[in-house]
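Trainee: One structure is given below, represented as structure tokens, and several questions about it will come after.
The values are calculated or read from the model by the stated rules, or taken from the named source; none is laboratory data. Remember, it's a predicted structure, so these values are computed and weren't measured experimentally. Note that each Cβ is placed from the backbone with ideal geometry, even for glycine, and that neighbours are counted across all protein chains shown.
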Amino acid sequence: MKDKFFEGPISINTKGVGFFDMGDDPKKKKKENSIEIQPEKVLRAFHGDIVEIKLLPEKIKGRAQGQVTKIVKRAREEFVGTVDMHDGKTYVVPDDKRLYVDIFLSKDSTVEAGEKVLVKIKNWETLEGELLKTIGRKGENNTEMESIVLERGFRIEFPTRVEEEAEKIKKEYKNTFEDEIKKRRDLRGVTTMTIDPADAKDFDDAISFVDLKDGTFEIGVHIADVSHFVTPETELDREAEKRGLSVYLVDRTIPMLPEILSNDLCSLNPNEDKFTFSSIFKLDGSGKVLDEWFGRTVIHSDKRFTYEEAQDVIDGKKDGPYQLELCKLREIAKELEKAKFGEGAINFETEEVKFLLDEKGKPIKVYRKQRLDTHKLVEEYMLLANRAVAKFVFMSQNKGLLKGKQSVYRIHAKPDKDRIENLVIFLKALGFDLKNKDGVVTSKDINALLKEVEGTPNEEVIKTATIRSMAKAVYSTKNIGHFGLAFKYYTHFTSPIRRYPDMLVHRFLERELKGGKIDTDEYAKFERLCLESSELEKKATDAERASIKYKQVEYMMEHIGEEFVGTITGVIDWGIYIEEKETKCEGMVKIRDLGDDFFVLDEKNYTVKGEKTGKKFTLGDSVKFKVVSADLEKRVLDYALV
């Protein structure tokens, strides 16, 4: 094999060492499937680049070696970093430490040391960069938040041509409104409301309710009709496709669409007539769907509720309108939830944190989000609509010869056997069993485990480990169902203001309702869009997590020396990770700081043990610790046991 060449993505660590994955050979360990490439042999390849490699005859510490022979495709050209000046030259030190070199800027670049900038590499041999944007002073809130977004390839400002097109649509909207209403089902007289977070600025979805007085109810799920305003081959559509979705950070949203659309024309604001794409269901009191209808509508939202306000009305803590409607909606939603779990949906309810920020964006409080019945209420009706639309489109197409490839589905594959076997070993070390057959599990097996660990010290650790063992949900033109939800048909229909795939689903549904067909040569285009949307979603999730981690470290900077209670969430050779119970701020206690003993890692039992004293620190243990230091640049916290 040493004379063979292989092509694929390369991973680079912070020391400049490259790793090339040769694929999953089940007979080999993961390390044996990976080729190591020494820094002098990576040929200026950067993390994620597609490269061609050649295997070398030698091994280092038993590990196969390789050499990059060609850069096939660069993963990215733009990088965020901090300006540094020395020896009369200007450099940019990248935020991404896997970029093991600095980028050179020409002398005429108008930047100052300590500023963060966005640069594009224009010469890969000399590593000369072109200044694209000066973001701001390092350490300032706005600078750091923008850096997180730009570093992952997202853009903040919209091109002028896109904003101008949005303005033009708004002007035309007033002139065409009355004519458009005639083409739609008019639901403006039906009781309709939105239920969203208190800080929401755009409203994707509304729910309507009619008591049919015969033991049945008409419940409508009304979604902003973005595809009416954003049509194919326009500047708005191209920009939305490029962005893929809205990005949510701790203190801001980077929208997929300009505010004229996202907060105005498309948003289902209260007391305004709005165009929607609706799924309307006739249900009985047990949540059984007796009839369904899909189509374009016009609605008038009577009330904008926050989750908390709607919950108070349901609980009778606050006098408010639509109490009867909200109570019945909750009652039916609980039946839908019961049926969902009865079919095998996995009951993953992980804890999330929110931040209270001051006027400068500094966190003054970190707290866990409270999950109310109203959150579940909205969730169940959105799931109902997503599931129904996916099934309708799939079944309609399969009457013909298209085999369900005319839409975008949200799919979730069954878990990988190797990952499940590793999870089983992990759980056994903690005293729990996951029923499986040679690495094959059902969603009901996972639910049984989650029920067993509920209320135990290891609950959150086991939930996290179980989630990580699952496949990631992605977009695809091929419907294979959704393992986690135990749905045979599922898509994303309910958030077109903030997700491009939802807008595509609206277009497919409209085409299906009109009896249109997709051209065969479009299949590849839509599968490409699914892959790109899934990749953008990963980057957006990474950006959100990075902003949360940054704010957690920033919060703990003000609490150095203070004591907290936490749970051990990880054990490795050089330390133990501890997560504070209320704020979920995670930090590390280094092995050398554990005490006057020689501590070693017992990998099988996820324990660090002292050889002299026998003292043990195990995953899930509750411990008292104090904050020793906080490094905002690296986004790490150092703790010490009390």
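Trainee: Glu112 versus (1) within 25 Å of Arg635 (Cα to Cα); (2) of a type in the set (Asp, Glu); (3) within 28 Å of the chain's Cα centre (by Cα): which is the lone unmet condition?
Mentor: Condition not satisfied by Glu112: (3).
Trainee: Filter the stretch 352-368 for residues that are surrounded by 13 or more Cβ atoms within 10 Å (Cβ to Cβ) and closer than 24 Å to Leu449 by Cβ and give the result. Give the derivation first.
Mentor: Pass one, the stretch 352-368, residues surrounded by 13 or more Cβ atoms within 10 Å (Cβ to Cβ): 353-355, 357, 361-363, 366, 368.
Correct list: Arg368 only.
Trainee: Restricting the search to the stretch 289-321, which residues are modelled with pLDDT under 95 and of a type outside the set (Asp, Glu)?
Mentor: Within the stretch 289-321, Gly316, Lys317, Lys318, Gly320, Pro321 qualify.
Trainee: Out of all the residues in the stretch 599-642, which are out of contact with any strand residue (DSSP E or B) (no Cβ under 8 Å at 6 or more places or on another chain), loosely packed, with under 13 Cβ neighbours inside 10 Å and basic (Lys, Arg)?
Mentor: Lys604, Lys612, Lys634
Trainee: Would you check which residues across the stretch 564-586 are buried (at least 17 other Cβ atoms within 10 Å of the Cβ) and either within 21 Å of Ala429 (Cβ to Cβ) or in contact with a Ser or Thr (Cβ under 7 Å, 6 or more places away or on another chain) (or both) and list them?
Mentor: Taking the stretch 564-586 and keeping what is buried (at least 17 other Cβ atoms within 10 Å of the Cβ), we get 564, 566-569, 571, 575-580, 583-586.
Of everything in the stretch 564-586, those that are buried (at least 17 other Cβ atoms within 10 Å of the Cβ) and either within 21 Å of Ala429 (Cβ to Cβ) or in contact with a Ser or Thr (Cβ under 7 Å, 6 or more places away or on another chain) (or both) turn out to be Gly566, Thr567, Ile568, Thr569, Val571, Gly575, Ile576, Tyr577, Ile578, Glu579, Glu586.
Trainee: Of all residues in the stretch 107-134 being among the hydroxyl-bearing types (Ser, Thr, Tyr) and more than 14 Å from Phe79 (Cα to Cα), which is surrounded by the fewest Cβ atoms within 10 Å (Cβ to Cβ)?
Mentor: As a first pass, look at the stretch 107-134 and keep what is among the hydroxyl-bearing types (Ser, Thr, Tyr): 109-110, 126, 134.
Cutting the leftovers down to more than 14 Å from Phe79 (Cα to Cα) gives us 109-110, 126.
On the way: Ser109: 16, Thr110: 7, Thr126: 10.
By that ranking, first place goes to Thr110.
Trainee: Kindly list the number of the only condition in (1) in contact (Cβ under 8 Å) with a residue 12 or more places away in the chain; (2) closer than 28 Å to Val117 by Cα that fails for Thr160.
Mentor: Among (1) in contact (Cβ under 8 Å) with a residue 12 or more places away in the chain; (2) closer than 28 Å to Val117 by Cα, the lone unmet condition for Thr160 is (1).
Trainee: Output the strands (runs of 3 or more DSSP E) that fall wholly within the stretch 263-382 and possess 2 or more residues being out of contact with any Lys or Arg (no Cβ under 7 Å at 6 or more places or on another chain) and of a type in the set (Ser, Thr, Tyr), or say none. Before you say what the answer is, go through the steps one by one.
Mentor: Details: elements: 273-284, 289-300, 303-306, 353-357, 363-368.
The qualifying strands (runs of 3 or more DSSP E) are 273-284.
Trainee: Those residues that are surrounded by 19 or more Cβ atoms within 10 Å (Cβ to Cβ), assigned to a loop (DSSP other than H, G, I, E, B) and under 17 Å from the mean Cα position of the chain (by Cα), I need them from the stretch 450-483; list them, please.
Mentor: Met470
Trainee: On the basis of being farther than 19 Å from Arg74 by Cβ, basic (Lys, Arg), modelled with pLDDT of 70 or more and out of contact with any Phe, Trp or Tyr (no Cβ under 8 Å at 6 or more places or on another chain), does Lys4 make the cut? If you could, list the steps in order and put the result at the bottom.
Mentor: On the way: farther than 19 Å from Arg74 by Cβ: yes; basic (Lys, Arg): yes; modelled with pLDDT of 70 or more: yes; out of contact with any Phe, Trp or Tyr (no Cβ under 8 Å at 6 or more places or on another chain): yes.
Here the answer is yes, as Lys4 does meet what is asked.
Trainee: Take Lys170 and tell me if it is among the charged types (D, E, K, R), assigned by TED's automatic domain parsing to the domain that holds Gly295, surrounded by fewer than 13 Cβ atoms within 10 Å (Cβ to Cβ) and over 30 Å from Arg371 (Cα atoms).
Mentor: Numbers: among the charged types (D, E, K, R): yes; assigned by TED's automatic domain parsing to the domain that holds Gly295: yes; surrounded by fewer than 13 Cβ atoms within 10 Å (Cβ to Cβ): no; over 30 Å from Arg371 (Cα atoms): yes.
The answer is no for Lys170.
Trainee: Mind checking which residues of the stretch 294-337 are free of Cβ contacts under 8 Å to residues at least 60 places away in the same chain and touching a strand residue (DSSP E or B) at 6+ places or on another chain (Cβ under 7 Å)?
Mentor: Residue satisfying the conditions is Pro321 alone.
Trainee: Could you count how many residues in the stretch 426-449 are outside any loop (DSSP other than H, G, I, E, B), in contact (Cβ under 8 Å) with a residue 60 or more places away in the chain and surrounded by fewer than 18 Cβ atoms within 10 Å (Cβ to Cβ)? Show your work before the answer.
Mentor: Our first condition is that a residue be outside any loop (DSSP other than H, G, I, E, B); within the stretch 426-449, this holds for 426-429, 437, 440, 443-449.
From what's left, in contact (Cβ under 8 Å) with a residue 60 or more places away in the chain: 426, 429, 443-444, 446-447.
When the remaining residues are screened for being surrounded by fewer than 18 Cβ atoms within 10 Å (Cβ to Cβ), the result is 429, 444, 447.
Total meeting the criteria: 3.
Trainee: Still on this structure, please answer the following. As an exercise: evaluate Ile195 against (1) over 27 Å from Ala540 (Cβ atoms); (2) part of a strand (DSSP E or B); (3) among the hydrophobic types (A, V, I, L, M, F, W, C) and give the number of the one condition it does not meet.
Mentor: The number of the failed condition is (1).
Trainee: Somewhere in the stretch 492-500, is a residue modelled with pLDDT of 95 or more, part of a loop (DSSP other than H, G, I, E, B), in contact with a Lys or Arg (Cβ under 7 Å, 6 or more places away or on another chain) and outside the structural domain of Phe277 (by TED's automatic domain parsing)? Talk me through it step by step, then tell me what you get.
Mentor: Going residue by residue through the stretch 492-500, those that are modelled with pLDDT of 95 or more are 492-500.
If we keep only those that are part of a loop (DSSP other than H, G, I, E, B) as well, we get 492-498.
The next check asks that each one be in contact with a Lys or Arg (Cβ under 7 Å, 6 or more places away or on another chain); those that pass are 492.
Next, from what is left, pick out any that are outside the structural domain of Phe277 (by TED's automatic domain parsing): 492.
Yes, there is a match, as at least one residue in the stretch 492-500 is modelled with pLDDT of 95 or more, part of a loop (DSSP other than H, G, I, E, B), in contact with a Lys or Arg (Cβ under 7 Å, 6 or more places away or on another chain) and outside the structural domain of Phe277 (by TED's automatic domain parsing).
Trainee: Separate question: Counting only residues that are without any contact (Cβ under 8 Å) to a residue 24 or more places away in the chain and charged (D, E, K, R), which one in the stretch 91-129 is farthest from Phe46 (Cα to Cα)?
Mentor: Asp108
Trainee: Given the conditions (1) within 14 Å of Lys274 (Cβ to Cβ); (2) in a loop (DSSP other than H, G, I, E, B), report the number of the one that Ala200 does not fulfil.
Mentor: Failing condition for Ala200: (1).
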